[in-house]
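To start, the structure under review is shown below, and the notes come after it.
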Amino acid sequence: MTETGNLESVWVFGYGSLIWRPGIAFHERRVARIHGWTRRFWQGSHDHRGLPDAPGRVVTLVPKPGASCEGVAYRVAAHLAAAVFEGLDHREKNGYQRYDVHLEFRRGGTDAGVAYIAPADNHAFLGPAPIDEVVAQIVRSAGPSGSNSDYLCQLEAALRRWEIEDAHVFELAKRLRERMKAG
Ligand code: SIN
């Protein structure tokens, strides 16, 4: 968990839906990397891309020594930070918590930031599953924010737009397309 007060501005690091739909007031955004974490479709979604009795799968960050995760960091002015965090706390309420992270910007420099991460002990955590099961769950799931397939496709497209590599997401998206083609 993190302290957000007394700063001129604060960086919010997005690695999932926050990349393509930040929905927050920011002054600047930059591609950034955090070390020791990897992006995984291991978090259940009961409120956005699934339903309470039929959760979808969305991304969280999972600790992994030697790994790193690239995403998009948003610089939020200090006077807007409380409102931004209030909105994000609500949006990410299904198991995510604020974590302090150390950002390395693609174009150089580092700074402190905050990421919303759903840890393995949260009530909605699903963890790993065989890739075909993950894809099947994504195909059949939908919630108030839209279909789970749309979430995966939007994430893949956003990562490619920002030239961010992610073998896990790209493999899932490839399997999803194959499955849809097969009908
Ligand atoms: C994030 O985008 O950083 C958090 C996970 C999500 O909302 O998809």
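Derivation of every value follows stated rules applied to the coordinates shown; laboratory data play no part. As the structure is a prediction and not an experimental result, all values here were calculated from the model. For neighbour counting, all protein chains shown are included, and Cβ atoms are generated from backbone atoms with ideal geometry for every residue, glycine included.
Given H placed on each backbone N at 1.01 Å, which residues far from R106 in sequence or on other chains put an amide H within less than 5 Å of it?
So R106 has HN proximity to V31, A32, R33.
Specify which residue in the list P144, T110, H123 is farthest towards the positive end of the charge dipole of the range 102-183, using unit charges on the beta carbon of Lys, Arg (+1) and Asp, Glu (-1), about the Cα centre.
Farthest along the dipole direction, towards plus: P144.
Give a residue-ordered list of calculated ³J(HN,Hα) values for the range 102-114 (Karplus: 6.51 cos²θ - 1.76 cosθ + 1.60, θ = phi - 60°; whole Hz; x for Gly, Pro).
9, 8, 10, 6, 4, 8, x, x, 9, 6, 7, x, 10
Work out how much length D89 to A167 would gain on full extension: take 0.36 nm times their residue separation and subtract the Cα-Cα distance, in nm to one decimal.
Extra length from D89 to A167 when fully extended: 25.2 nm.
What does the helix-only formula give at 222 nm for the chain: each DSSP H stretch with n ≥ 4 adding -39500 (n - 2.57), the total divided by the residues, and the result rounded to the nearest 500 deg cm²/dmol?
Theoretical 222 nm ellipticity from helices: -9500 deg cm²/dmol.
If a helix is a whole DSSP H run, which ones in the chain reach 15 Å or further along their own axis (Cα) and hold a mean Kyte-Doolittle hydropathy of at least -0.5?
Span-like helices here: 78-91.
Percent of alpha carbon pairs in the range 60-138 separated by more than 20 Å?
The calculated P(r) of the range 60-138 puts 47 percent of pairs beyond 20 Å.
Between the alpha-carbon centers of the range 35-70 and the range 111-183, tell me the distance in whole angstrom.
8
Over all directions, the average projected area of the alpha-carbon convex hull for the range 1-105 comes to how many nm²?
6.6
Just to compare against my own numbers: the Cα pair-distance distribution for the chain, 10 Å bins, whole % per bin, please.
Reading the bins upward from 0: 10, 38, 37, 13, 2, 0.
If you count, for each residue, the other Cβ atoms within 10 Å and average over each peptide, how do 95-107, 57-69 line up from highest to lowest?
Descending mean neighbour count gives 57-69, 95-107.
For S45, what residues show an amide H to amide H distance below 5 Å, using hydrogens built from the backbone and excluding near sequence neighbours?
G56, R57, V58
Roughly how many debye, to the nearest 20, is the charge dipole of the range 101-183 about its Cα centre, given +1 on each Lys and Arg Cβ, -1 on each Asp and Glu Cβ, and no other charges?
The calculated dipole for the range 101-183 is roughly 360 debye.
State to the nearest 20 debye the size of the charge dipole of the chain about its Cα centre, where the only charges are +1 on K and R beta carbons and -1 on D and E beta carbons.
Roughly 580 debye for the chain.
Could you compute the FRET efficiency for E133 and L51, with r as their C-beta to C-beta distance and R0 at 22 Å, rounded to 0.05?
0.75
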